[in-house]
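Engineer: Have a look at this one before I ask anything.
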């Protein structure tokens, strides 16, 4: 350590310089974080605009659905009118057929009387009123609704195609939303990683100094003051990493199983005890982790930013 072998005044000067460098580094990191926040804010505005566009598209889909429903209702009305007209025409055709049959019978009787084959039979003549005489009118022309039905079917097909296109746009928007979330997380992590590493390195240096002086004898109380000041620096750095960068520190415990994801071996300690093989022998430096959102799975997951530095036991090979 740079503090070993120096006078108390020199140690205090070095410590003040380290604190000043830490403050400068923190200020630089805050400016960089502000820039990153501005970039993320711009991305958020783009995302809000895209979301607004999606809402507009969804409104268009609802309007189109209403038009399709209205078109279906009109088609049903037209079909009902056609059936009514057909029934009316069928009834008129039946009446005309009955009249034709009656006229044919009368013609047959007249022809028989002319040939003398049949004597005329006196039939009572019933006086009919003008309104009782059936009036035979010409068949009304059938209304052809085929063009209107074809137009409605074409419009419905166009609406269905538009709806399918909107569904594809919606899927594309969701995919872009997930990609934007991933990109935003990556940009933020890449921008802040160098500053996180610098702060953690300073944290390790101060922690090592604290651990060194905590094992020495204190004759005039200066060590207690130094240790207290160093401990305050350590706590300040931990709070800064947690509040500004969402980094939480975690400690390795001697005796726990070695975890390749959360631990990094610095030294290997041989042992004759098989139960200690593959466990932590000593914790050297704490690790740091943070919680990230996984847009693919839609859940939060824990990410190891820096594993804890440890010494691990290894079973000594038998000669």
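Engineer: Would you point out the residue of region 237-253, among those that are surrounded by fewer than 17 Cβ atoms within 10 Å (Cβ to Cβ) and more than 34 Å from the chain's Cα centre (by Cα), that is farthest from residue 20 (Cα to Cα)?
Structural biologist: The extreme case among them is 253.
Engineer: Quick one: is residue 289 closer than 24 Å to residue 184 by Cα and either in a strand (DSSP E or B) or not assigned by TED's automatic domain parsing to the domain that holds residue 27 (or both)?
Structural biologist: yes
Engineer: On to the next question. When you scan region 292-319, how many residues do you find that are touching a residue at least 40 places away in the same chain (Cβ under 8 Å), assigned to a strand (DSSP E or B) and under 21 Å from residue 197 (Cβ atoms)?
Structural biologist: We begin by selecting, within region 292-319, every residue touching a residue at least 40 places away in the same chain (Cβ under 8 Å); these are 292-293, 295-296, 304-316.
In the following step, the residues that additionally are assigned to a strand (DSSP E or B) were identified as 292-293, 304-306, 308-315.
In the following step, the residues that additionally are under 21 Å from residue 197 (Cβ atoms) were identified as 292, 304-306, 308-310.
Selection size over region 292-319: 7.
Engineer: Additional query: Determine if region 285-292 includes at least one residue that is surrounded by 11 or more Cβ atoms within 10 Å (Cβ to Cβ) and over 34 Å from the mean Cα position of the chain (by Cα).
Structural biologist: yes
Engineer: Can you pull out every residue in region 254-279 that is surrounded by 12 or more Cβ atoms within 10 Å (Cβ to Cβ) and within 26 Å of residue 290 (Cβ to Cβ)?
Structural biologist: Listed by number, the residues that qualify are 254, 256, 258, 259, 262, 263, 264, 265, 266.
The values are calculated or read from the model by the stated rules, or taken from the named source; none is laboratory data. Just so it is clear, the model here is predicted, and its values are computed rather than measured. Ideal geometry is used to build each Cβ from the backbone, glycine not excepted, and the neighbour counts take in all protein chains shown.
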